[in-house]
1. Can you pull the three principal axis extents for the Cα set of segment 181-311, in Å, largest first?
2. On each of the three principal axes of the Cα atoms of segment 243-314, give max minus min coordinate, whole Å, ordered largest first.
3. Considering amide H positions built from the backbone, and no H for Pro or chain starts, which residues 5 or more places from I10, or on another chain, come under 5 Å of its amide H?
4. Per the Kirkwood formula on distinct C-alpha pairs, the Rh of the chain is how many angstrom?
5. Between A167 and S286, what is 0.36 nm times their sequence separation minus the Cα-Cα distance? Round to one decimal in nm.
6. Return P(r) of segment 129-245 (all Cα-Cα pairs; 5 Å bins starting at 0; whole %; ordered from short to long distances).
7. Just check segment 194-247 against the gyration tensor rule for me: Cα atoms, a ≥ b ≥ c as the square roots of the eigenvalues, rounded for a/c under 1.5, and otherwise prolate or oblate depending on whether a/b exceeds b/c.
8. What number results when the radius of gyration of segment 315-379, computed over Cα atoms, is divided by 2.2 N^0.38 Å?
Amino acid sequence: MDRHIRNIVIAGGGSAGWMVAAALSNALQANCTITLIESEEIGTVGVGEATIPPILRFNQTLGIDEAEFVRATQGSFKLGIQFVNWGKLGHSYFHPFGSFGRNFDMVGVHDYWQAAYEAGQATGLDDYCMAWSAAKRNKFAPPSQDPRHVLSTYDYAYHFDAGLYAALLRRYAEAKGVQRQEGKIIDVALNAESGFVESVTLNDGRSFKGDLFIDCSGFRGMLIEGALKTGYQDWTHWLPCDRALAVPCASTADFTPYTRSTAHTAGWQWRIPLQHRTGNGHVYASPFISDEEAAAVLMDNLDGEALADPRPLRFTTGRRNLFWNRNVVAIGLSSGFMEPLESTSLYLIQSGIAKLLTLFPDRDFDPVLSDEFNRQTRIEFERIRDFIVLHYKLTERDDSPLWRYCANMDIPDSLSEAIHLFRRYGKIVPRELDLFGHPSWLAVHIGQMNFPERIDPLAKHRTADGTAWLAKFRSVIESAAESLPGHQDFITRAGMSSARG
Ligand SMILES: Cc1cc2nc3c(=O)[nH]c(=O)nc-3n(C[C@H](O)[C@H](O)[C@H](O)COP(=O)(O)OP(=O)(O)OC[C@H]3O[C@@H](n4cnc5c(N)ncnc54)[C@H](O)[C@@H]3O)c2cc1C
């Protein structure tokens, strides 16, 4: 008997809802109706403006042209994140999309770097990174496809206006047949026997039945939590920031091809340059600062004229106990949230979609599929959590109650092991489903002052002249960076400027 999914209902039309709608309408070419329900009155969070490189794959899979996308979303390019005042006050480092140096020996570049640095024969680790060399000069071009070229040693992502991206995806999804319904879901009907969701009812009385429901309703998790009571693990004790204030300001000449994250006394501030404005936000821990003080810190640290009043947002860092429960799959903020320090939320939406398509069910909803979905998503969330906690735990800052709290807090065992392995021998061991690879962990360990006590013992058995190699590499990346166009020039010349759109 044919048991295929005939009706999919997506609850919510924020970034998650429209990313899901676009991807499913592209993948499911026949025999399925997709309905998306959203409420203009409720609105969206709408602040996901910084991304990481996998977003390129998402757009490519949908067949979205890069120039059209950047133009339509007032987008800009991102080579990584600069962290200011995180390791200690007055210090900064770069978490790049790409590598430090490039491997030239069995022993890692960073071991050679550390030996040379300790001997006073090398400068900071960032100076050996192609992405930073370009970023600090406000230069940008896509990487070279020739793996022998030093310009192939970095990657990139985008900054964009989240509302404009959702609008672009909406046009895409509607053109592929997704039916958008405006209205507020006020009731969810469950099957008395199975507990599966059967239908949702809107405030105007209309009901929509579905075989599969995707909960993209944001923090409230209307279906996964409101209807199915799935439960939530609160990680606030590890990631104490629980509020944010977001405000756009006028663009300045400093059109950086990177995000800046500046640590303050009770949180941190993002700066995301778009073509038409700069996005800013102060993410803070409410036990350590009042909302008024947090707003003052934000407004005092804008580099252009504020274009609106700060918009408050509240959240509880953590994850759902299950991401796929019965016939409901939670994607986006309904599945959990980790603060935006490493721009991971839109990626988790993308990853949720990819897993759903890999493990796509029929109407039997065999738990073998949902169990695997939940296993992979749980691991992914925990790896990202560990990586974000790393930034808070490793700091040398002790100038305020938040940083003293972080220095003394317990951390997950998995992170504790990773910190000690690096501290003892500079080792970073790849872990299953870890979004962040070796260069990312290295950047944050070193940037936050977790210097290894010993260099890889294998280095003592090698004969390569790492110091000379580093000096040469540095001069090669500097001249390669000089040869790149400016960030704004690249956007204009590539026809990506929204002024032309
Ligand atoms: C301070 C902050 C900064 C962030 N920065 C970044 C970043 O830089 N990079 C990044 O990747 N991510 C970031 N994020 C996360 C990112 O904003 C979200 O992942 C993304 O916007 C997806 O949100 P969503 O669609 O799940 O939820 P929402 O945007 O909240 O959308 C929910 C949708 O559900 C609808 N809805 C809710 N209830 C009902 C109902 N009863 N009936 C009908 N419709 C309903 C709403 O109308 C809306 O359409 C940030 C988040 C925060 C809080």
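Bear in mind that the values in this text are calculations on the coordinates, not laboratory data. Small disclaimer: the values here were computed from a predicted structure and weren't measured. Every residue, glycine among them, receives a Cβ derived from its backbone with ideal geometry; neighbour counts consider all protein chains shown.
1. Dimensions of segment 181-311 along the principal axes of its Cα atoms: 59, 35, 27 Å.
2. Taking the Cα atoms of segment 243-314, the three principal extents are 35, 22, 19 Å.
3. The answer is T35, L36, I37, I214.
4. Computed over the chain, the radius equals 23.9 Å.
5. Working: separation 119, 0.36 × 119 = 42.84 nm, distance 3.30 nm.
Value of the extension gain: 39.5 nm.
6. 2, 8, 11, 12, 11, 12, 12, 11, 8, 7, 6, 2, 0
7. Oblate.
8. 1.11
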